[in-house]
């Protein structure tokens, strides 16, 4: 079962305010260390102490709150790419190897530069990917169309409680180095998965 993306630590007010504060710090650090070493390990996290981002746990006030947010979207993106690869029709292998990740509209190799708020999209910039998706291309193997639509369902079944996975069509411009969400008729639109963290 997937671990919740947000962990909040509070300690009931027992003993002196300083004892409660120290217990809160110790509990938060211990549980945070446990989560960071438990598979699937988060690739990064954000911490808020009494609502202030990036502040050390030791700065919490008595009766305050320490909140961690763990990002595991990279695992979902990896699974989505593997699913698309597995579902892809294979002749030359060109289509299967052309699934591309875009972060905030820019082509990316991974989520390393993702700030945790921008849009994450996987699409295929090959000219015939739309034909494969809508089933208007004659395929050697029956059922090898609707690749992105099938992938969306598979990824949603596995990770739908952790992320929003949406099948759509998106425009790609500048030789597959950038994306366009504009409804410009001159921009070719390709099948896409839009993946976002659930808040």
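Of all residues in the stretch 9-28, those being in a loop (DSSP other than H, G, I, E, B) and at pLDDT below 75 number 6. There is at least one residue in the stretch 120-137 that is over 30 Å from residue 27 (Cα atoms), touching a helix residue (DSSP H, G or I) at 6+ places or on another chain (Cβ under 9 Å) and surrounded by fewer than 16 Cβ atoms within 10 Å (Cβ to Cβ).
The values are calculated or read from the model by the stated rules, or taken from the named source; none is laboratory data. All of these numbers come straight from a predicted model, not from anything done at the bench. Virtual Cβ from ideal backbone geometry, glycine too; neighbours counted across all protein chains shown.
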